[in-house]
Amino acid sequence: MRPRCLTVMLTPMTTEHAPADLALRALAAHAEDIKPEHLRALFAEHPSRFEDFSLVAGDILLDFSKQRITPETLKLLHALAKARDVEGWRRRMCAGEAINHTENRAALHMALREPLNLPHAAHAPEITREVAQNLTRMWEFCTAVHSGNWHSHGSKAHMTDVVNLGIGGSDLGPRMAVRALAAYQQPDLRVHFVSNMDSADLAPLLARLNPRSTLFIVASKTFGTLETLSNARMARDWIESSLPASLTGKNREDAIARHFVAVSSNLPAAAAFGIPAEQVFAFRDWVGGRFSLWSSVGLSIALAVGFHNFEALLAGAHVMDEHFIHAPAPQNLPLTLALLDIWNVNFIGAASHGIFPYSQSLELFPAYLQQLEMESTGKSVDRQGKPLTLKSCPILWGSSGTNGQHSFFQLLHQGGQPIPCDFILLKHADFPLPGYENHAHLLANGLAQSAALAFGQTAEEARASGIGEDLLPYRTFPGNQPSTTLLLERLTPHTLGQLLALFEHKVFCQSVLWNVNAFDQWGVELGKQMAKRLLPCLNNDPAHRADTLDASTRGLLAALKK
Ligand code: F6P
């Protein structure tokens, strides 16, 4: 009898889920056949693996030939996609249905990057109109700042520094994009990001800046996030303390307001903070925080790299949207990436996933992806409110190559755990150094790592290369570590847009395949509520009794207060 696949726990079949259950069972059975296969053998048996297991969309080549799959695996995975009705869910998302059912919200981030001149906009005219209006306002503001026409009260000095105060989706996406597009940085304007309410984040930055020429973007969808509001208050006090005492009343308030704009979907809260309505850049609740860099949350990006480059980023994402919507399933990059993840997590037994951009400019990409993926699919309850029978999101981690090679790659090579990896390579350097071979070395290392992980080194090969018998056990590499390589021609706003939209859509497909809601994040709420309850205990508020707390928290509080 075939051994039962350990990573898949199927419930008794119900009629409602029968097609998906059947597809999962077929995959589980197939996984038992594949498990003993080594990538060496799979490559030897299938010489056209690269041609058969690589796809292109826009400027991205996806090579997934080093995944532990066969044509049969793909066929069965696509059967699962059909059974889960990925196409139907995609249609529902595009149509603006409230697919985020626990918050009764649509997920229309694609509308933010739809070209404004399309003869037949895919979204309702009022949405297209609103997106256009927001973009125009962002453009006007960027023009005012870049041209030096936005200055502080009673001064003609240019703004030299912009500080984005935000966290999670109001920080990670823009921070990553601004870092990635360093080659496009506007002259004479520095853009900084502060997210942590630990004053060690904002205070040292303020110590270096001049309040007369500093502008803050308070970026918060809800305008209720503790970290962002704490930092915004600190920034406000810093600006205020720099103003002359002679400036009072409304003049003083106006002078402070020159240094603040807000990006939010909560307009009353932004107004209550003292930011005038004309300096608030709105976005709707149908833009999820981790999908929001395309909205006015991208103001910091537009300021950093210029509005035309922000538009190129949007246009790049739209290229991927079109591909995602129209490409047939077997050629669909986001769907393929999602299916490979399902395969690795649920059938190969991977519990984590490494992301390795061989590009220093993309060094923040793994951190951005951690929120995008883990906040979206790190769930164990399905859309019907029932416990999942499949494991969902793996732990995502990673760093830029080659740095990772000199720290954790050892574990990938010889640690004995299946850890699928994504390698991202740029054909051309974004900061080329003529006369030096840095970029060729970088590419050679990226290619070498994925090959070494896949094929390893046998004892015979080690012996043949002169390794003595005593060191053989240490110098053999099991290989068979699956990876996907994404190759971009170069890193530009347009290709970055494609890359980010590719991963957004991958996450959406994964959520459908795992049958979870990708757009809520209830799991982060409990800790926030508990922190609120604990604060009075730390402040010795007599109305709050610590003796109702658990022994560990009580002990730690006591030690903190000693
Ligand atoms: O706590 C999680 C979260 O809600 C994220 O989903 C979100 O991106 C982040 O906080 C910041 O939220 P906001 O933009 O409302 O300040």
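Bear in mind these aren't lab numbers, they're just calculated from the coordinates by the rules spelled out. None of the values given here were measured: they were computed from a predicted structure. Every residue, glycine as well, gets a Cβ built from its backbone with ideal geometry; the counts of neighbours run over all protein chains shown.
Couple of notes before you dig in:
- Close amide H pairs (under 5 Å, H built 1.01 Å from N) link A262 with V218, V280, F281, residues at least 5 positions away or on another chain.
- Mean separation of Cα contacts under 8 Å (6+ apart) over length of region 443-562, as relative contact order %: 15 percent
- Spin-label pair E460-L534: with each label point 7 Å from Cα along the Cα-Cβ axis, the two points sit 5.8 nm from one another.
- Relative contact order for region 128-198, counting Cα pairs under 8 Å that sit 6 or more residues apart, in percent: 31 percent
- Annotation for R92 and R40: the two label points, set 7 Å from Cα along the Cα-Cβ direction, are 4.7 nm apart.
- Cα long-axis angle, helix 226-241 against the chain (0 to 90 degrees, to the nearest 10): 30 degrees
- Sum of -39500 (n - 2.57) over DSSP H runs of 4+, divided by residues of the chain (222 nm, nearest 500): -13000 deg cm²/dmol
- Dividing the Cα radius of gyration of the chain by its Kirkwood radius returns 1.00 for Rg/Rh.
- Contact order, relative form, for region 307-466: 25 percent (alpha carbon pairs under 8 Å, 6 or more residues apart, mean separation divided by residue count).
- Net charge of Cβ neighbours under 15 Å - reference K561; Lys, Arg +1; Asp, Glu -1: +1
- Considering all different alpha carbon pairs of region 53-187, the Kirkwood hydrodynamic radius works out to 19.8 Å.
- Using alpha-carbon coordinates, inclination of helix 493-514 to the longest axis of the chain, degrees: 60 degrees
- Extension gain for E437-L472 works out to 9.3 nm (0.36 nm per residue, less the C-alpha to C-alpha distance).
- Links that overshoot a 23 Å alpha carbon limit, given the list K75/K391; K35/K386; K35/K506: K35/K386; K35/K506
- Cβ-Cβ distance of D541 and I395, R₀ of 35 Å, FRET efficiency by 1/(1 + (r/R0)^6): the value works out to about 0.40.
- Of all DSSP beta bridges in the chain, antiparallel share, percent nearest 5: 25 percent
- Under Karplus coefficients 6.51, -1.76 and 1.60, residue-wise ³J(HN,Hα) of region 395-410 in Hz, glycine/proline x: 6, 9, 7, x, 6, 6, x, 8, 3, x, 4, 9, 9, 9, 4, 3
- Relative to the longest principal axis of the Cα atoms of the chain, helix 307-326 runs at roughly 40 degrees.
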